[in-house]
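The values are calculated or read from the model by the stated rules, or taken from the named source; none is laboratory data. Fair warning: this is a prediction, and the values are worked out from it, not measured in the lab. Glycine also receives a Cβ, built like all others from the backbone with ideal geometry; neighbour counts cover every protein chain displayed.
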Amino acid sequence: MEITIRNFEEKDISSITEIINHNILHSTSLYDYNIRTEKQQLDLLKEKTEKGFPVIVAEVNNMVVGFGYYGGFRSREAYQYTVEHSVYVNKDYTNKGIGNLLLPELIKRAKKQNLHTMIGVIDSENVGSIKFHEKHGFKVVATIPETGFKFNRWLNSVFVQLILDTENK
Ligand SMILES: CC(C)(COP(=O)(O)OP(=O)(O)OC[C@H]1O[C@@H](n2cnc3c(N)ncnc32)[C@H](O)[C@@H]1OP(=O)(O)O)[C@@H](O)C(=O)NCCC(=O)NCCS
C-alpha cells in the first residue's frame, strides 16, 4: 500500500470531516458532542495554516485516509515554543502504518520551525493512541481526572509530551 504525505488542500475537507465526525460520534478521542459541518472543520484548519502551522494529510489511491496538524498550545507569549498536535486516521485504515508516517512528519516540521515541545491531549480510554505516542518518544506527563463528560461518564485527559531536540532555548 503506497501512502503519500502532503500538505492539506481545501478539496480534502470532506474526507477529513468524515473522519472527525466518526470519532465524535463513536469515540472519546474528541470531546465534542455534535458533529461538525465541513465549513466549521475548514475554519478550524485554516486557523492553523493562517498562523503558519502545518496541516498534513495521508493519501492512499488518491483518497485522504488520515491527517494531522498542530497549533498553539495556549495564547500567552511565553507559550510560543509549545504546540498541541492531533493525528486522526480513517477507521478502515488504522493499524496500517499511516499514523507512523503522519506523526514523525509533524515532529520534523516542528523541529524545522524551531519549536521546543509538542503536547498531545488524549482521553485515558484511548490506550492505543497513548501507546502510539509513546512509540514515537512522547512521555505521559500528566493526567487530569474528570475533565470531560461524554457518553454519560467522566473522562480523564492524559497529556503526552515530546521535548524536541532543537538548539532553540
Ligand atoms: C491513534 C492513531 C492516530 C494511530 O494511527 P494508525 O495509523 O492506526 O497507527 P499505525 O498503524 O501507524 O501504528 C502506530 C503504532 O502504534 C501502535 N498502536 C496503535 N494502536 C495500538 C493499541 N491499541 N495498542 C498498542 N499499540 C497500538 C501500533 O502497534 C504501531 O506500532 P508498531 O509500528 O510498532 O506496530 C489512529 O489509530 C487513530 O486515528 N485512531 C482514532 C483517533 C484517535 O484516537 N486519534 C488520536 C487522538 S489523540
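Of the residues making up region 80-111, just one is of a type outside the set (A, V, I, L, M, F, W, C), touching a Phe, Trp or Tyr at 6+ places or on another chain (Cβ under 7 Å) and not in a strand (DSSP E or B), namely G99. Is at least one residue of region 135-157 more than 13 Å from the chain's Cα centre (by Cα), hydrophobic (A, V, I, L, M, F, W, C) and either within 11 Å of the ligand (Cβ to nearest atom) or within 30 Å of E2 (Cβ to Cβ) (or both)? Yes, the conditions are met somewhere in region 135-157. Count of region 24-43 residues, restricted to those that are within 25 Å of E125 (Cα to Cα) and either touching an Asp or Glu at 6+ places or on another chain (Cβ under 9 Å) or at pLDDT below 95 (or both), is 6. Among the residues of region 1-39, the ones that are touching a helix residue (DSSP H, G or I) at 6+ places or on another chain (Cβ under 8 Å), among the polar types (S, T, N, Q) and farther than 17 Å from L102 by Cβ come to 4 in all. Across region 19-48, the number of residues qualifying as touching a residue at least 40 places away in the same chain (Cβ under 8 Å) and surrounded by 15 or more Cβ atoms within 10 Å (Cβ to Cβ) comes to 7. Evaluating E50 against the criteria (1) touching a Ser or Thr at 6+ places or on another chain (Cβ under 6 Å); (2) acidic (D, E); (3) farther than 20 Å from I3 by Cβ leaves one unmet condition, (1). Exactly one residue out of E84, E134 is surrounded by fewer than 20 Cβ atoms within 10 Å (Cβ to Cβ), touching a Gly at 6+ places or on another chain (Cβ under 7 Å) and of a type in the set (D, E): that is E84.
The residue that is nearest to L164 (Cα to Cα), among those in region 102-118 that are within 16 Å of the ligand (Cβ to nearest atom) and surrounded by fewer than 18 Cβ atoms within 10 Å (Cβ to Cβ), is K108.
Just a yes or no: is a residue in region 24-40 over 15 Å from the mean Cα position of the chain (by Cα), closer than 14 Å to S86 by Cβ and of a type in the set (D, E, K, R)? Yes, some residue in region 24-40 is over 15 Å from the mean Cα position of the chain (by Cα), closer than 14 Å to S86 by Cβ and of a type in the set (D, E, K, R).
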